[in-house]
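A quick write-up on the structure given underneath.
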Amino acid sequence: MVSGLINANPVVYEKKERRQRPASIPDADEYSAEAIDQLEVFDHVRDIKDPEHPYSLEELKVISEDAIEVDDRRSYVSCFRVTFTPTVEHCSMATVIGLCLRVKLMRSLPSRYKVDIRVAPGTHATEAAVNKQLNDKERIAAALENPNLVDMVDECLAPSYA
Amino acid sequence: MDLNDEGSHFELKEIQTLSGHTDRVWSLAWNPATGTDDTQPVIASCSGDKTVRIWERSALTRSWDCKAVLEETHTRTVRSCTWSPSGKLLATASFDATTAIWENVGGDFQCVSTLEGHENEVKSVSWNASESLLATCSRDKTVWIWEVMPGNEFECASVLQGHTQDVKMVKWHPTMDILFSCSYDNTIKVWAEDDTGDWHCIQTIGESSNGHSSTVWAISFNAEGNKMVTCRKHISTLTGYHDRTIFSVHWSREGIIASGAADDAIRFFVESKDSAVVGPSYRLLLKKEKAHDMDVNVVQWSPGENRVLASASDDGTIKIWELATNST
């Protein structure tokens, strides 16, 4: 990593208290009628580590429960929209954070869920370009064949036992 | 003709599901020389599992089987595959930046040539009608034209620059040596050769004026070659039918446009004989929801049989369908 961090002094917030959820059946049928809600999606992503700082995306308020929306316009397709807020406007780590969110949700949610990821409007200098890349399936697939990028993502996704 | 009869009811019947790939299936192609008279239909499919599979329908059982797995050649995702018009060669484009050419030598598919040159992922490959030229395109923003020489030799004839972003697909016009390319830069470019043998861009079809700008994923021509359909997140004449990315469109000989999208659905459109509208307009003939369990990446009509379609998906499967009518 280069010596100059994009944001050397991020604001760190307190983590939201975790609600106790009923234990889920380990071998739950992928097509069970049990719908996944915003909180469950948030639980999957809140502990992702920021690529540059030893804090989670939740602690840096990059992601919050309210920033996850269910899109239920189509009955036959289940969609979520995840909006994240980079800590600074020129954050070059925005695409990496977006990629981490995508990979974590890909590995955690049943495959029938569609996920759209975007930066919070007005929070990034090249918002349209970042959003376009993060939602281009072909580009994401190619990026995930890049071992360096995958290592970076896995680092952010690795659980920390601090 | 039942396509114009709005009282006709259509249904998409599932004939068979072809499983075997261990990752998403990005694309497929029907071998144009098969599926008619005494030859059994053959399909090539390509996948994120880095392989290409050849499927053939058995004459005896009418069931599709996997005849070959073309592996250990591409080192990354194989993104697209296409047969030459004679059906003798198969070209496969890969994220490993190469395009491989395969020939069926006595039942065994062998890689007879590897085209190198693109700087990164090759996204699409297309043969011209006379099989004298091959085109490839890549995230490196260029389109390459290759001359097909004797002995399975390929020579780069031109490197076309002009797109400002990732080029997603290339397609030759069905009868003329005019090449179309579509891109992440939201445009479609048309390329032709001049009298001195130089290739250049003769037209750029820009973003639609309705304010929606998005990547153009695919192009298909009608049988006559005088109309072209393209797909992106919103098709301007068909707005409202899709709001998730449309990855593939294919125009049948009969004039039915099939589309496959990220909402797991396959849709069919036909020209509407609505006299109140000036110029051609299209109507939705049928929507098949949950055609696959995940995104539909490609739809291709069979060249041999009427109203038979193949589709492939992120769910790793290929499905063969028949568009049937039951007029009431």
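The values are calculated or read from the model by the stated rules, or taken from the named source; none is laboratory data. It should be emphasised that the depicted structure is a prediction, and the values quoted were computed from it without experimental measurement. We place every Cβ from the backbone using ideal geometry, glycine too, and count neighbours over all the protein chains shown. Only protein heavy atoms, including side chains, enter the accessible area calculation; ligands, DNA and RNA are left aside. Shrake-Rupley method; radii C 1.70, N 1.55, O 1.52, S 1.80 Å.
Let me understand the stretch A:33-90 better: what is its radius of gyration from the alpha carbons, and its Dmax, in angstrom?
For the stretch A:33-90, the Cα radius of gyration and maximum Cα-Cα distance read 13.2, 42 Å.
How would A:Asp37, B:Asp264 rank on accessible area, largest to smallest, probe 1.4 Å?
Numbers: A:Asp37 55, B:Asp264 0 Å².
Putting A:Asp37, B:Asp264 in descending order of accessible area: A:Asp37, B:Asp264.
So how exposed is B:Lys88, as accessible area in Å² (1.4 Å probe, rounded to 10)?
140 Å²
Per residue of A:130-138, how many C-beta atoms from partner chains lie within 10 Å of its own C-beta, taken as a mean?
Numbers: counts 0, 0, 6, 2, 0, 6, 7, 9, 15.
The per-residue average across the peptide is 5.
Once the other residues with Cβ under 9 Å from the Cβ of A:Val45 are scored (Lys, Arg +1; Asp, Glu -1), what is the net sum?
Within the 9 Å Cβ shell, the charges total -1.
Ignoring ligands, DNA and RNA, how much accessible area is buried between chains A and B, both sides summed, with a 1.4 Å probe, to the nearest 100 Å²? Can you show the working numbers first?
Numbers: alone 10390 and 14500 Å², together 22650 Å².
Approximately 2200 Å² gets buried when A meets B.
Looking only at the stretch B:64-86, which residues have a backbone nitrogen under 19 Å from a spot 7 Å from the Cα of A:Met106 in the C-beta direction?
Under cut-off, by backbone N: B:75-80.
Extending each Cα 7 Å along its Cβ direction at A:Ser92 and B:Asn4, get the distance between those two points in nm, one decimal.
6.1 nm
Let me have the relative contact order for the stretch B:260-310, percent, based on Cα pairs under 8 Å that are six or more residues apart.
Value for the stretch B:260-310: 40 percent.
Counting other Cβ atoms within 10 Å of each Cβ, which GluC sites (Glu not before Pro) in the stretch B:17-124 have at most 15 and sit in a DSSP loop?
Numbers: sites: B:Glu56, B:Glu71, B:Glu72, B:Glu103, B:Glu116, B:Glu119, B:Glu121; in loops: B:Glu71, B:Glu72, B:Glu116, B:Glu119, B:Glu121.
Here the sparse-neighbourhood loop sites are B:Glu71, B:Glu72, B:Glu116, B:Glu119.
Given DSSP loops and a limit of at most 11 other Cβ atoms within 10 Å, what is the longest stretch of chain A that contains no such chymotrypsin sites (Phe, Trp or Tyr not before Pro)?
A:77-160
Quote to one decimal, in nm, the extra length available between B:Leu60 and B:Cys111 on full extension: 0.36 nm per residue of separation minus the C-alpha distance between them.
Taking 0.36 nm per residue and subtracting the Cα distance, the gain is 15.4 nm.
Could you tell me which Cys residues in chain B have no other cysteine's Cβ under 4.7 Å from their own Cβ, answering none if every one has a partner?
So, B:Cys66, B:Cys111, B:Cys137, B:Cys156, B:Cys182, B:Cys201, B:Cys231.
Ignoring ligands, DNA and RNA, what percent of the 1.4 Å accessible area of the protein assembly as shown is carbon and sulfur?
Carbon plus sulfur share of accessible area: 46 percent.
Within the set A:Lys114/B:Lys290; A:Lys104/A:Lys132; A:Lys132/B:Lys189; A:Lys132/B:Lys287, which residue pairs have Cα atoms separated by over 25 Å?
A:Lys132/B:Lys287
Which translational diffusion coefficient, to the nearest whole µm²/s, is obtained for chain B from the Stokes-Einstein equation, given a Kirkwood hydrodynamic radius over C-alpha pairs, 4 °C and 1.567 mPa s? Provide the component values of the computation, followed by the final result.
Numbers: Rh = 20.1 Å.
In µm²/s, the coefficient is 65.
If the viscosity is 1.306 mPa s and the temperature 10 °C, what Stokes-Einstein diffusion coefficient in µm²/s follows for the protein assembly as shown when Rh is the Kirkwood radius over Cα pairs?
In µm²/s, the coefficient is 66.
When you have a sec, figure out the Kirkwood radius of the stretch A:38-161 from all distinct Cα pair distances and drop it here in Å to one decimal?
Result for the stretch A:38-161, one decimal place: 14.6 Å.
With a 1.4 Å probe and all protein chains left in place, how much accessible area per residue does the stretch A:38-161 have, in Å²?
43 Å²
Name the most mobile residue of B:Thr61, B:Thr136, B:Thr187, meaning the one with the largest mean-square fluctuation, in a Gaussian network model of chain B with Cα contacts below 10 Å.
Highest fluctuation among the options: B:Thr61.
List the aspartates and glutamates whose Cα sits under 15 Å from the Cα of B:Lys67, skipping any in the same chain fewer than 8 residues away.
B:Glu56, B:Glu103, B:Asp108
Please list, or write none, the aspartates and glutamates whose alpha carbon is within less than 12 Å of the alpha carbon of B:Lys13, excluding same-chain residues fewer than 8 places away.
Within the straight-line cut-off, B:Lys13 pairs with B:Glu322.
Could you give the accessible area per residue of chain B, probe 1.4 Å, as a whole number in Å²?
For chain B, the per-residue accessible area is 41 Å².
B:Asn152 to B:Thr75: FRET efficiency via 1/(1 + (r/R0)^6), r the Cβ-Cβ distance, R0 22 Å, to the nearest 0.05? It would help to have the intermediate numbers written out before the result.
Working: r = 21 Å, r/R0 = 0.96.
Efficiency, from the Cβ-Cβ distance: 0.55.
Relative contact order, percent, of chain B when contacts are C-alpha pairs under 8 Å separated by at least 6 residues? Write down the numbers at each step before the final one.
Working: 923 pairs, mean separation 52.2, N = 328.
Worked out over chain B, it gives 16 percent.
Could you work out the relative contact order of the stretch A:38-161? I mean the mean sequence separation of Cα pairs under 8 Å and 6+ apart, divided by the number of residues, in percent.
The value is 27 percent.
List the residues, sorted by chain then number, that are 5 or more residues from B:Phe247 or on another chain and whose placed amide H is less than 5 Å from its amide H.
Counting only residues 5 or more places away or on other chains, the set is B:Gly260, B:Ala261, B:Ala262.
Can you list the aspartates and glutamates whose alpha carbon is less than 12 Å from that of B:Lys273, not counting same-chain residues fewer than 8 positions off?
B:Asp5, B:Glu6
Given points 7 Å out from each Cα along the Cα-Cβ axis, report the A:Asp154 to B:Glu14 separation in nanometres with one decimal.
3.5 nm
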